[in-house]
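No lab work stands behind these numbers, since they all come straight from the coordinates. Just so it is clear, the structure is predicted and the values come from calculations on it, not from any experiment. Because the Cβ atoms are built from the backbone with ideal geometry, glycine has one as well, and the counts that use them run over all protein chains shown.
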Amino acid sequence: MYIKITKTKFDKKYIWHPYTSIIKPLKCYNILNAKGSILKLSNGINLIDGMSSWWSCIHGYNNVLLNKAINKQIKRISHIMFGGFKHIEAIKLCNNLINLTPKKLQYVFLADSGSVSIEVALKMSLQYWQAKGEFREKILTIKNGYHGDTFGAMSVCDPINSMHNIYRKYLPQHIFAEPPKCKFNEIWNENDINSFKFLLKKYSKKIACVILEPIIQGAGGMKIYNPMYLKKVSLLCKKYKILLILDEIATGFGRTGKLFAYEYAGIVPDILCLGKSLTGGYMTLAATITTKKIAYTISNSKSGCFMHGPTFMGNPVACSVANANIKIINKKKWIKKVQYIENYFKKKLIPLIKSNKILDIRILGAIGIIETINFIDINKIQNFLINKGVWIRPFKKLIYLTPPYIIKKRELSILINSVISIFGN
Ligand SMILES: *Cc1c(COP(=O)(O)O)cnc(C)c1O
């Protein structure tokens, strides 16, 4: 039976949004369309996008080149099972990814979302050790991490400030080291690695892999840490012959000012996960890239194959738009744009540290983070900013900005000034 109710009320009444209650949901705004960095709502309001739809839409919305790629591919074939078929867009994409990443990373698994690419990476590590005749079930990571919402991913998210609490009894128990205290620009303190080193040594025969978000921990607390920590982690993993997985789902494709955040530490992981902006935020697609050693060890095992295969693996439309994204990235215009955003964030946000409402300001690349002293009333702040024509989505004590790289100077200035005005300036 058709339910007679206005569309707005229907959404509020029947549809789940991320991390919300059905009874008392956070407010949702009706989006009509978007272009560049401007989001157009059905009530006539235009908003400057400060989020890139969660790190994804790095080239903004309605990008001509990305649109063209999708339209072209849809007329050829929009989907085909990846079991038993190959196609040019997936071939191009995997070749592109191999060319963009270090030589050691050569074998690509295309998944359908970031969380799934994490599951794939974890399963690859477990299967790798199984193939070598060793049963290793533990994963070492650090606190404050975020790697997605599926079970394997949840099991390596922060054990306190994530969904761990609710699902604790259903999750495998892994090992959590203290996160680095040393900030990005601070002088490295060798003590910072002690907890990680201790745990790695203690459980070295049980640990299959280490998983980390390089340089910036995203949804687990928006912390930017010292590249030396990552460097030390990589050296210790090598010493104990433990696999290193880097989750660049949020940081990949220029967000931190480098193409990939691991470049700050000059290291190469054994497995790399990419997602979010891989398609310029157009479609859901992720990739897990690994080494010959891992790919061959798994394939030479008793099972003879890697045990995973999502229905929408290697979707041709998603691959074609990912190729268009990489084409734009390879033109390298993003470097100056991200640099401009970083400099502007530094100029405008760092002085805010004087405010008695603010605990910390952190900036890297096109990421600006304000950590407040008290919890933020999300509905209130969002409403205040929407009246100023700006879109952001704070959480807990964090107001963070990750605008599209193509944001215009004037738009960036309105975005920042509006955010600053929250603190009464
Ligand atoms: C978003 C995110 C994920 C999960 O990706 P989904 O596409 O939401 O499943 C994993 N790791 C990091 C660092 C992320 O930011």
Pairs please, first residue from the range 241-258 and without any contact (Cβ under 8 Å) to a residue 60 or more places away in the chain and at negative phi, second anywhere and within 13 Å of the ligand (Cβ to nearest atom) and polar (S, T, N, Q), Cβ atoms under 7 Å, 6+ apart in sequence or on different chains. GLY252/SER277
Between residues in the range 206-223 that are without any contact (Cβ under 8 Å) to a residue 60 or more places away in the chain and residues that are of a type in the set (Asp, Glu) and crowded, with 24+ Cβ neighbours inside 10 Å, which pairs lie under 9 Å by C-beta distance while being six or more apart or on different chains? PRO214/ASP247; PRO214/GLU248
Among the numbered criteria (1) surrounded by fewer than 24 Cβ atoms within 10 Å (Cβ to Cβ); (2) outside any strand (DSSP E or B); (3) in contact (Cβ under 8 Å) with a residue 40 or more places away in the chain, which one does CYS305 miss? (3)
Candidate set from the range 148-175 (those that are within 19 Å of TRP54 (Cα to Cα) and not in a loop (DSSP other than H, G, I, E, B)); member that is nearest to the ligand (Cβ to nearest atom): ALA153
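Counting only residues that are without any contact (Cβ under 8 Å) to a residue 24 or more places away in the chain, give me the strands (runs of 3 or more DSSP E) lying completely in the range 333-425 with at least 2 of them.
Hits in the range 333-425: 358-364.
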Output for the range 112-127, where each listed residue is more than 15 Å from the chain's Cα centre (by Cα), buried (at least 24 other Cβ atoms within 10 Å of the Cβ) and either of a type in the set (S, T, N, Q) or not in a helix (DSSP H, G or I) (or both): SER125
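I'm trying to understand the selection: among the residues of the range 203-226, which are away from the ligand (no atom under 16 Å from the Cβ) and under 30 Å from ILE376 (Cα atoms)? Let's see the steps before the verdict.
To start, the set of residues in the range 203-226 that are away from the ligand (no atom under 16 Å from the Cβ) comprises 203-208, 226.
Answer for the range 203-226, where residues must be away from the ligand (no atom under 16 Å from the Cβ) and under 30 Å from ILE376 (Cα atoms): just ASN226.
Based on what the data block shows, is LEU39 under 21 Å from LYS337 (Cβ atoms), of a type in the set (A, V, I, L, M), out of contact with any Gly (no Cβ under 9 Å at 6 or more places or on another chain) and not in a loop (DSSP other than H, G, I, E, B)? Don't jump to the end; show me each part of the working.
Values: under 21 Å from LYS337 (Cβ atoms): yes; of a type in the set (A, V, I, L, M): yes; out of contact with any Gly (no Cβ under 9 Å at 6 or more places or on another chain): yes; not in a loop (DSSP other than H, G, I, E, B): yes.
Criteria met by LEU39.
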Within the range 121-143, is even one residue in contact (Cβ under 8 Å) with a residue 24 or more places away in the chain, within 30 Å of THR20 (Cβ to Cβ) and in contact with a Lys or Arg (Cβ under 7 Å, 6 or more places away or on another chain)? no
Output the residues belonging to the range 246-284 that are crowded, with 24+ Cβ neighbours inside 10 Å, among the β-branched types (Val, Ile, Thr) and either away from the ligand (no atom under 13 Å from the Cβ) or within 20 Å of GLY145 (Cα to Cα) (or both). ILE249, THR251, THR256, ILE271
(1) part of a helix (DSSP H, G or I); (2) away from the ligand (no atom under 16 Å from the Cβ); (3) of a type outside the set (Gly, Ala, Ser) all hold for LEU230 apart from (2)
